[in-house]
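Colleague: Before I ask anything, here is the structure I am working with.
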Amino acid sequence: MSLLTTAQKRSFKRNGFLVLPDGLDEGLCAEARDVLWDAIPEDRHDPESWFARDGDHDELLHRDSSSDSADRFTDVKPFEELFRDVYPYAEELVGEDLLARPDECPMEYCLHGGHLLASREDGGSAVDHEGAIGPILQYPSDLEDDGSCPFDYRRGWHIDGGTGPYAVGTDVTYLPFTIAVAVYFDDIEPRGGGFTVWPGSHRVTEEYFRTHTYAEYAADGGAVLEGLDLGPAMEIIGEAGTLVLWHHNLVHGPAPNHGERIRMAGFQRIARRDIAEISESHLGDCWLQYDAIRDLEPAVHESY
């Protein structure tokens, strides 16, 4: 039985993302929250302690993580299970048996599955697993001294692909992948650090990448995005269990967290098994990797 309707697939093609408000098990999300609260030093029952980091991000489970909480992260099971629950949705958009499964690595170094590991100071893994949704917490920010609340969705906008610390010791300049996911472990309210997208931007960036490489974009990504006609941003809010799937070319970022709670969400990129052959060529042909919906006409309604 299909998990996604034809209308949902058409919407993904038009907008570059798809929101499933109740896509994941709330019980698993509650387990994930419990693990996160056990790992971080903040007091679950003392909201004042949540503001001490003033908008910081905490990537608890990533390779080379600088998080002080990484060594306290001891239970990866709910994050593994959530990744396995997410995979069939992604597969429906890409094609059966094309994506590397959560417990296998794609054929080229990519932020996916087994590469998502916490690190201790001695270089050893804090946890061992075969693919998981990687939690990234965003702490709430205090207001400015004058009581104002400066807010700019574009502050963290980007197109995924930068290698960062994940390809240290390799000759990789771009981490190719196919589709990415965001999972809300807890409720996220407006201006609370929600995953933010520019609907339809995958089609605009496709035009850009037909004549530019990712390295050219990365050299001054902010200026590139400022020069593109991307339209307004959309911050995705939702309850625990919300699942967002998005296209590799989509412009996105985190909204500033001016809410009253820690933003608890998880992210992962998923790559096709043949990603080494595809490499960067898919940036200028945004449906090259999506066999399942490549010939499907996009939705005709207005984007979000």
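The values are calculated or read from the model by the stated rules, or taken from the named source; none is laboratory data. Just so you know, these numbers come straight off a predicted model, no measurement behind them. Cβ sites come from the backbone with ideal geometry, for glycine too, and all protein chains shown count toward neighbours.
Colleague: How many of the residues making up region 12-24 are surrounded by 15 or more Cβ atoms within 10 Å (Cβ to Cβ), at negative phi and at pLDDT 95 or above? Step through it out loud before you land on a result.
Modeller: So in region 12-24, the residues surrounded by 15 or more Cβ atoms within 10 Å (Cβ to Cβ) come out as 12-20, 23-24.
Add one more test, that the residue is at negative phi, and what stays is 12-15, 17-20, 23-24.
Filter once more, keeping what is at pLDDT 95 or above: 12-15, 17-20, 24.
The qualifying residues number 9.
Colleague: Would you mind stating whether Arg294 is of a type in the set (D, E, K, R), touching a residue at least 60 places away in the same chain (Cβ under 8 Å) and either assigned to a loop (DSSP other than H, G, I, E, B) or buried (at least 23 other Cβ atoms within 10 Å of the Cβ) (or both)? Don't jump to the end; show me each part of the working.
Modeller: Values: of a type in the set (D, E, K, R): yes; touching a residue at least 60 places away in the same chain (Cβ under 8 Å): no; either assigned to a loop (DSSP other than H, G, I, E, B) or buried (at least 23 other Cβ atoms within 10 Å of the Cβ) (or both): yes.
Judged against the criteria, Arg294 is not a match.
Colleague: Given Ala276, Ala265, which one is out of contact with any Pro (no Cβ under 6 Å at 6 or more places or on another chain), assigned to a helix (DSSP H, G or I) and closer than 27 Å to Phe83 by Cα?
Modeller: Working: Ala265 fails: assigned to a helix (DSSP H, G or I).
It is Ala276.
Colleague: Pairs needed: first member in region 199-215, more than 12 Å from His282 (Cα to Cα) and modelled with pLDDT under 95; second member anywhere, exposed (fewer than 15 other Cβ atoms within 10 Å of the Cβ) and of a type outside the set (Phe, Trp, Tyr); C-beta distance under 6 Å; at least 6 residues apart or different chains.
Modeller: Ala215/Thr173
Colleague: Which residue is modelled with the highest pLDDT, if the candidates are limited to region 281-290 and must be assigned to a helix (DSSP H, G or I) and buried (at least 21 other Cβ atoms within 10 Å of the Cβ)?
Modeller: Narrowing region 281-290 to residues assigned to a helix (DSSP H, G or I): 281-284.
Filter once more, so that each one left must be buried (at least 21 other Cβ atoms within 10 Å of the Cβ): 282-283.
Numbers: His282: 90, Leu283: 94.
Ranking the qualifying residues of region 281-290, first place goes to Leu283.
Colleague: Anything in region 254-265 that is touching a Phe, Trp or Tyr at 6+ places or on another chain (Cβ under 9 Å) and either modelled with pLDDT under 95 or more than 30 Å from Asp142 (Cβ to Cβ) (or both)? List them, or say none. Break it down into steps so the answer makes sense when it comes.
Modeller: From region 254-265, those touching a Phe, Trp or Tyr at 6+ places or on another chain (Cβ under 9 Å) are 254-258, 260-265; that's our starting set.
Residues satisfying the conditions are Pro254, Ala255, Pro256, Asn257, His258, Glu260, Arg261.
Colleague: For the structure I just gave you, tell me whether Tyr208 is of a type in the set (Phe, Trp, Tyr) and buried (at least 21 other Cβ atoms within 10 Å of the Cβ).
Modeller: no
Colleague: If you take the residues of region 57-80 that are closer than 16 Å to Asn257 by Cα and surrounded by fewer than 21 Cβ atoms within 10 Å (Cβ to Cβ), which of them is modelled with the highest pLDDT?
Modeller: So the residue we want is His57.
Colleague: Against the condition closer than 22 Å to Arg155 by Cβ and either crowded, with 22+ Cβ neighbours inside 10 Å or hydrophobic (A, V, I, L, M, F, W, C) (or both), how does Ala218 come out, does it pass? Reasoning before the result, please.
Modeller: Working: closer than 22 Å to Arg155 by Cβ: yes; either crowded, with 22+ Cβ neighbours inside 10 Å or hydrophobic (A, V, I, L, M, F, W, C) (or both): yes.
Yes; evaluated as a whole, the condition is true for this residue.
Colleague: Collect the residues in region 92-104 that are surrounded by fewer than 17 Cβ atoms within 10 Å (Cβ to Cβ) and touching a Gly at 6+ places or on another chain (Cβ under 7 Å), keeping them in residue-number order.
Modeller: Asp103, Glu104
Colleague: Would you please name the residue that is surrounded by the fewest Cβ atoms within 10 Å (Cβ to Cβ), looking only at residues in region 150-173 that are modelled with pLDDT under 80 and in contact with a helix residue (DSSP H, G or I) (Cβ under 8 Å, 6 or more places away or on another chain)? Explain how you work it out, then say what you get.
Modeller: Within region 150-173, the first condition is being modelled with pLDDT under 80, and the residues that meet it are 150-151, 162-173.
Checking the rest, the ones that are also in contact with a helix residue (DSSP H, G or I) (Cβ under 8 Å, 6 or more places away or on another chain) come to 162, 166, 173.
Numbers: Gly162: 16, Tyr166: 17, Thr173: 14.
Looking at the filtered set, the residue picked out is Thr173.
Colleague: Still on this structure, please answer the following. Among the numbered conditions (1) surrounded by fewer than 23 Cβ atoms within 10 Å (Cβ to Cβ); (2) at pLDDT 95 or above; (3) β-branched (Val, Ile, Thr), tell me where Ile278 comes up short.
Modeller: (2)
Colleague: Scan region 208-261 for residues that are among the aromatic types (Phe, Trp, Tyr) and assigned to a strand (DSSP E or B) and report the count.
Modeller: Start the filter on region 208-261 by keeping residues that are among the aromatic types (Phe, Trp, Tyr), which leaves 208-209, 214, 217, 246.
Restricting the remaining residues to those that are assigned to a strand (DSSP E or B) gives 246.
Summing the residues that are among the aromatic types (Phe, Trp, Tyr) and assigned to a strand (DSSP E or B) in region 208-261 gives 1.
Colleague: Of everything in region 33-56, what is of a type in the set (Asp, Glu), assigned to a loop (DSSP other than H, G, I, E, B) and loosely packed, with under 15 Cβ neighbours inside 10 Å? Give them in sequence order. If you could, list the steps in order and put the result at the bottom.
Modeller: To start, the set of residues in region 33-56 that are of a type in the set (Asp, Glu) comprises 34, 38, 42-43, 46, 48, 54, 56.
Keeping just the survivors that are assigned to a loop (DSSP other than H, G, I, E, B) gives 42-43, 46, 54, 56.
Matches in region 33-56: Asp43, Asp46, Asp54, Asp56.
Colleague: Can Ala39 be described as in contact (Cβ under 8 Å) with a residue 60 or more places away in the chain, among the small types (Gly, Ala, Ser) and out of contact with any strand residue (DSSP E or B) (no Cβ under 6 Å at 6 or more places or on another chain)? Before the answer, list the steps.
Modeller: Details: in contact (Cβ under 8 Å) with a residue 60 or more places away in the chain: no; among the small types (Gly, Ala, Ser): yes; out of contact with any strand residue (DSSP E or B) (no Cβ under 6 Å at 6 or more places or on another chain): yes.
Considered against the rule, which asks whether it is in contact (Cβ under 8 Å) with a residue 60 or more places away in the chain, among the small types (Gly, Ala, Ser) and out of contact with any strand residue (DSSP E or B) (no Cβ under 6 Å at 6 or more places or on another chain), Ala39 comes out as no.
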